[in-house]
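Take a look at the structure below.
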Amino acid sequence: MGTTWLEIIINTVKIAAIFVIVVSTVPLLVWVERRGPAFMQNRLGPNRVGPLGLLQLAADAIKFIFKEEFIPTKAEKILYFMAPGLTLLPAALTFAAIPLSTPINILGYTFKLQIADLNIGLIYIFAVASLGVYGILAAGWSSGNKYAMLGALRASSQMISYEIAMGLSVVGVLMMYQTFSLNQMITEQFGYFSFLWQGSAVELKFLPNWGVFFQPLAFILFLTATFAETNRLPFDLPEGEAELVAGFHTEYGGFKFNMFFMGEYGHMITSAALITTLFFGGYALPFISPEQVREFWIQNGHTLLGFTGLSMPDIASVLTTITHLVVFLAKTGFWLFFFIWVRWTLPRFRYDQLMDLGWKTLLPWSLVNLALTTALMYFARIVK
Amino acid sequence: MELTAADILFYLFGFVSVVSALMVVFVSNPIYSALLLAVVMSILGIFFFNLEAHFIAAAQVVVYAGAVMVLFVMVMMLFDLKREKEEVARFSILTVLKIISVGVVCGVLVGAGAMITGDGMGFIKVSTTEAPPPPSMLLKSDINAPTKQTTNPEELKDEVVEITQNPQAGVEIFTKYTDTQKLSLKLFSKYIFIFELLSVLLLVAIVGAVALARSKGGTHHVTRGS
């Protein structure tokens, strides 16, 4: 395939680096998950270990690693050990298709800040995320515990139900962008809010060209479905403590439990990144296209990185990438905070309410969204 | 012969898929069978991906591994599987004979199909004329060639016309149909009738399943008129 060793090494490093970044964001999120809501609820949260309680994360990690490993007597051993991996793997794999920033052009090479630039990026994410159910099912069944089993059944039926609403809600977005590639979707969202109505251009200069303004209904449906897909409150019935002890991971302890934990947060990170990419312009700044950012850094970049002795386009490219990475992280960070915010605000659903919401509310509305988008695109000839 | 990274991955995944496919049959626990079948389905998706059929690869994983097999596994986990396990665990001569006979019947069917259609069905080379080059060779040359990205519907229509009028060119043109747009264009123009027919078939299956679940006393008790 003409792949040189340099490419292989760089790609390997990239895969490792992005995986490590995703996994090491998890403790940070846990810290936010504990400190943030504490302030919402007028208490302090863990603040004794280290500055701001940050070393609590290290303490947690050490505890997870050194806890005793045990296997329940009724467990199916092979599956019992495989289940945490089966949960973590899809969560980590889905992140591979997310574009983090503009490519860096340096010394004649181009580095993409994305593991795999797939032209079916979006379906790839859905495909791999749908495999996440196996980990939960395997965990529940192999534990040999009725609570775990019930949790697994709830989780899988919930994930399958909401996957349908999620997939259908995105079809409208896909029709609008006319592509599956996440990179191209972001390119479509540069600049002002503008589209073609019956062949003539309509522009609204006070709105960015984001997907959320074109597909508000799809956004609400997608956001709701992601909460169910990631098993977060208000849809965390698979592990509802009051009824099922701890749901599908009742029989897991130590690092194996931690892997489920990382899997859940991994799904959350990918979901937040996907919401950002589909509806909020991805790494792009609102109103300002990457080309304009590059122009700006060509003018002003030398004061920051002039000492490295790189050529001007290289410096501008590096700084543009860093700018967009920061933008991407800020947007994704907001949605991650939103996940946590909702968790500590809304109570848990009842199981039949959950199923009703999935099948009788989200599914019909996503069909309505699809029909509406089709009608608008066909009759009003709206082209984004 | 130069061994590329894609080749190594092909042999690796090919080996794993064959082993897991065999395990599906020989493992005693039905749940493991179902999970291994899901592995086989996912690896088929990887093969499609390797052949640059990205959309089909993703659809394969979403539909078979992500939805169908999940339901299988879920339902099986609700059963008490002791009897089934024992039956396979005994593994009498009869069982072995059964499995072998299934294999033989499949082989005979494939062979018969190849003889009747005369094009070998991709398994057996029947015609004496020069066979078209294998897809892998076409793909490799295709990668180096500059790919033409077109979203103009008129141009795409021309290609569809070309493929309908000249079936011999089908293999060569198919390698260009990596784009989902092109795939859907073909699906909704040339194969629209088959496509709609399949959707009706699925609808029949859904209605049938619902009817069965209602009439044979399913989990939900249906009270009429309430």
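Quick notes on this structure:
- In terms of the mean number of neighbouring beta-carbon atoms within 10 Å, the peptides B:192-202, B:23-33 order highest first as B:23-33, B:192-202.
- In summary, the stretch A:1-66 shows an alpha-carbon radius of gyration equal to 1.67 times the 2.2 N^0.38 Å reference for compact globular proteins.
- With neighbours defined as other Cβ atoms within 10 Å of a residue's Cβ, the residues A:Arg34, A:Arg48 order from fewest to most as A:Arg48, A:Arg34.
- In degrees, nearest ten, helix A:56-66 long axis to first principal axis of chain A (Cα): 50
- Across A:Lys63/A:Lys112; A:Lys256/A:Lys360; A:Lys74/B:Lys82; A:Lys146/B:Lys82; A:Lys146/A:Lys256; A:Lys74/B:Lys98, pairs whose alpha-carbon gap is larger than 25 Å: A:Lys63/A:Lys112; A:Lys256/A:Lys360; A:Lys74/B:Lys98
- Working from Cα pairs under 8 Å separated by at least six residues, relative contact order for the stretch A:70-379 is 25 percent.
- Whole-number D in µm² s⁻¹ for the stretch A:70-379, Kirkwood Cα-pair radius fed into Stokes-Einstein, 4 °C, 1.567 mPa s: 62
- Of the residues A:Phe39, A:Thr25, A:Phe64, the one whose Cα sits farthest toward the positive end of the charge dipole of the stretch A:1-66, with +1 on the Cβ of Lys and Arg and -1 on the Cβ of Asp and Glu, is A:Phe39.
- Theoretical FRET efficiency, 1/(1+(r/R0)^6), r = Cβ-Cβ of A:Leu28 and A:Ile220, R0 45 Å, to 0.05: 0.95
- Average other protein chain Cβ within 10 Å of Cβ, residues B:74-81: 3
- Förster-model FRET efficiency, 30 Å R0, B:Met115 and A:Ile15, C-beta, rounded to 0.05: 0.05
- Per-residue mean of foreign Cβ neighbours for B:60-70 is 5 (Cβ atoms of other chains, 10 Å radius).
- Fewest-first ranking of A:Thr94, B:Thr4, A:Thr110, A:Thr277, using other Cβ atoms within 10 Å as the exposure measure: A:Thr110, B:Thr4, A:Thr94, A:Thr277
- Taking A:Lys205, B:Lys190 and counting other C-beta atoms within 10 Å, the order from fewest to most: A:Lys205, B:Lys190
- The modelled label-to-label distance for the pair B:Phe26/A:Met40, using points 7 Å beyond Cα in the direction of Cβ, is 5.4 nm.
- Most to least packed among A:265-276, A:223-234 [average Cβ atoms within 10 Å]: A:265-276, A:223-234
- Residues B:Ser215 and B:Asp7, FRET efficiency given R0 of 45 Å [Cβ-Cβ distance, rounded to 0.05]: 0.25
- Distance from the C-alpha centroid of the stretch B:48-76 to that of the stretch A:314-347: 31 Å, rounded to the whole angstrom.
- In this simple spin-label model, placing a label point 7 Å from the Cα along the Cα-to-Cβ direction at both B:Tyr191 and B:Lys98 gives a separation of 3.5 nm.
- Peptides A:252-262, B:56-66, A:121-131 ordered by average Cβ neighbours within 10 Å, highest first: A:121-131, B:56-66, A:252-262
- Relative contact order of the stretch A:1-66, pairs being alpha-carbon contacts under 8 Å that are 6 or more residues apart, as %: 20
- Extension gain for A:Phe307 to A:Phe111 (0.36 nm times residue separation, less C-alpha to C-alpha distance): 68.4 nm.
- Across peptide A:116-128, the mean count of Cβ atoms from other chains lying within 10 Å of each residue's own Cβ comes to 5.
Just so you know, all these numbers are worked out from the coordinates, no wet-lab data involved. Everything numeric here is computed off the predicted structure, so don't read it as measured data. In this analysis, Cβ positions are derived from the backbone assuming ideal geometry, glycine residues included, and neighbour counts consider all displayed protein chains.
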